[in-house]
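The values are calculated or read from the model by the stated rules, or taken from the named source; none is laboratory data. All values reported here derive from a predicted model rather than from experimental measurement. With ideal geometry, Cβ positions are generated from the backbone for all residues, glycine too; neighbour counts draw on all protein chains shown.
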Amino acid sequence: MTDGPTTVTRAFRVAYDGREYAGFQRQPHATTVEGTLLRALAEHGLVDRGDGPTHATPPGYAAAGRTDAGVSAVGQTVAFEAPEWLTPRAFNGHLPGSVRAWAAADAPDGFHATHDAVRRTYRYHLYAPAASESPDAPHAVDDDLVRDALARLSGEHDFHNLTSDERGTVREVTATATREGDLLVIDVAAGGFPRALVRRLVAAVRAVGRGAADPSRIERLLAAEPVPGELGVGPAPAAPLVLWNVAYDEVTFAVDDEAAESARAAFGERYRAARHAAAATGAIRDRIGTPDEESE
């Protein structure tokens, strides 16, 4: 960091639409969220410029989580030594609409955004109409079966059958689901997560909810013995997953009203664009197989 005003350890809440990024962690030849954040800091003159995403990091820099390609966030947290003038709205001056800082906190000396996190919550927006209301709908699930499976997965378990990681697979997890129309919103919280655990967990409970797997499959996945390949669970798609919140002790974030409003506007535009695209594909779906329309 170049010489300048007095710095403080500052943590920023960052939201991003992960669909256009190759994950959070910077990579030499890919566009990532972290690379975008560091490029913004370079534009502000706060770190040395590098080649592509290889900008230097400011002192004390760390992030709460390394989300996979396609995964979004509203509660991602990055912290580093920053000048007092670097508010969320100032940070956003060199960020694209797909990445927005919206709150900040002055953190204690020695704060580390990764290691000091006490709870992380991911939210998965599963398109799954309720079988009780739309039994013939594609992808319909039995909500009670899903909630029972989530209850079985909650608690302290060794999740080695639901991740490719070989270490750190024992976790205490809380998993719940809330019905919102055709969506089943699944919240999964823990101190930390091994690789792809949330997406594999969602895939497992989705299979049970659809009747494609017996509820006993959950116990088999939690057993000490490795599951054979044909019983393995691949991860659910990344796009519906959001890093929803990261909790810290003794750190209180203040919302930057101007930054939050600009972030809502930016994500509102992205939401409208997605709805327009969905309307077009829905219309194509409905038109296929119907008689030719009369020309006027």
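Which residues, counting only those in segment 161-181, are in contact (Cβ under 8 Å) with a residue 40 or more places away in the chain and over 21 Å from the mean Cα position of the chain (by Cα)?
Passing the criteria: only 161.
With (1) over 28 Å from residue 195 (Cβ atoms); (2) not assigned by TED's automatic domain parsing to the domain that holds residue 24 as the list, and residue 145 as the residue in question, which single condition is left unmet?
Condition (1) is where residue 145 drops out.
Determine which single condition residue 134 fails, assuming it passes every other condition in (1) in a strand (DSSP E or B); (2) modelled with pLDDT under 95.
Unmet for residue 134, out of (1) in a strand (DSSP E or B); (2) modelled with pLDDT under 95: (1).
What's the number of the condition residue 289 fails, among (1) surrounded by 10 or more Cβ atoms within 10 Å (Cβ to Cβ); (2) at pLDDT below 95?
All conditions are met except number (1).
Assess whether residue 274 counts as being of a type in the set (A, V, I, L, M), within 30 Å of residue 103 (Cβ to Cβ), not assigned by TED's automatic domain parsing to the domain that holds residue 160 and not in a loop (DSSP other than H, G, I, E, B).
Values: of a type in the set (A, V, I, L, M): yes; within 30 Å of residue 103 (Cβ to Cβ): yes; not assigned by TED's automatic domain parsing to the domain that holds residue 160: yes; not in a loop (DSSP other than H, G, I, E, B): yes.
Considered against the rule, which asks whether it is of a type in the set (A, V, I, L, M), within 30 Å of residue 103 (Cβ to Cβ), not assigned by TED's automatic domain parsing to the domain that holds residue 160 and not in a loop (DSSP other than H, G, I, E, B), residue 274 comes out as yes.
Hey, can you tell me all the residues within segment 92-116 that are surrounded by fewer than 20 Cβ atoms within 10 Å (Cβ to Cβ) and either part of a loop (DSSP other than H, G, I, E, B) or not assigned by TED's automatic domain parsing to the domain that holds residue 20 (or both)?
Just the residues of segment 92-116 that are surrounded by fewer than 20 Cβ atoms within 10 Å (Cβ to Cβ), to begin with: 93-94, 96-98, 105-106, 108-110, 112, 114-115.
Within segment 92-116, 96, 97, 98, 108, 109, 110, 112, 114, 115 qualify.
When segment 189-219 is examined, which residues are found to be free of Cβ contacts under 8 Å to residues at least 40 places away in the same chain and either over 20 Å from residue 122 (Cα atoms) or outside the structural domain of residue 135 (by TED's automatic domain parsing) (or both)?
212, 213, 214, 216, 217
Okay, residues lined up against (1) out of contact with any strand residue (DSSP E or B) (no Cβ under 8 Å at 6 or more places or on another chain); (2) under 30 Å from residue 45 (Cα atoms); (3) of a type in the set (Gly, Ala, Ser):
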| site | (1), (2), (3) |
| --- | --- |
| 59 | no, yes, no |
| 63 | no, yes, yes |
| 80 | no, yes, no |
| 94 | yes, yes, no |
| 101 | no, yes, yes |
| 108 | no, yes, no |
| 112 | no, yes, no |
| 117 | no, yes, yes |
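Scan segment 192-239 for residues that are touching a strand residue (DSSP E or B) at 6+ places or on another chain (Cβ under 6 Å) and more than 16 Å from residue 161 (Cα to Cα) and jot them down.
Within segment 192-239, 209, 210 meet the criteria.
Within segment 117-129, count every residue that is buried (at least 19 other Cβ atoms within 10 Å of the Cβ), aliphatic (A, V, I, L, M) and in a strand (DSSP E or B). Before the answer, list the steps.
Our first condition is that a residue be buried (at least 19 other Cβ atoms within 10 Å of the Cβ); within segment 117-129, this holds for 117, 120, 122-124, 126, 128-129.
Those left that are additionally aliphatic (A, V, I, L, M): 117, 126, 128.
Subset that is in a strand (DSSP E or B): 117, 126.
Residues that pass the stated criteria total 2.
Contact list please: Cβ distance under 7 Å, first residue in segment 239-252 and within 17 Å of residue 33 (Cβ to Cβ), second residue among the small types (Gly, Ala, Ser) and surrounded by fewer than 19 Cβ atoms within 10 Å (Cβ to Cβ), pairs at least six apart or on different chains.
Sorted first by the residue in segment 239-252, then by its partner, the pairs are 239/70.
Under the condition of being in contact with a Lys or Arg (Cβ under 7 Å, 6 or more places away or on another chain) and either without any contact (Cβ under 8 Å) to a residue 40 or more places away in the chain or of a type outside the set (Gly, Ala, Ser) (or both), which residue from segment 39-75 is farthest from residue 239 (Cα to Cα)?
Ranking the qualifying residues of segment 39-75, first place goes to 42.
When you scan segment 1-17, how many residues do you find that are at pLDDT 80 or above and either surrounded by 13 or more Cβ atoms within 10 Å (Cβ to Cβ) or assigned to a strand (DSSP E or B) (or both)?
Going through segment 1-17, the residues at pLDDT 80 or above turn out to be 6-17.
Okay, now just the ones that are also either surrounded by 13 or more Cβ atoms within 10 Å (Cβ to Cβ) or assigned to a strand (DSSP E or B) (or both), so 7-17.
Residues meeting the conditions: 11.
Counting only residues that are out of contact with any Gly (no Cβ under 7 Å at 6 or more places or on another chain) and exposed (fewer than 14 other Cβ atoms within 10 Å of the Cβ), give me the strands (runs of 3 or more DSSP E) lying completely in segment 150-246 with at least 2 of them.
Values: elements: 155-158, 170-180, 183-190.
Passing ranges, in order: 155-158, 170-180.
Which one of these does residue 27 not meet: (1) surrounded by fewer than 18 Cβ atoms within 10 Å (Cβ to Cβ); (2) over 27 Å from residue 120 (Cα atoms); (3) modelled with pLDDT under 95?
That leaves (2) as the condition not met.
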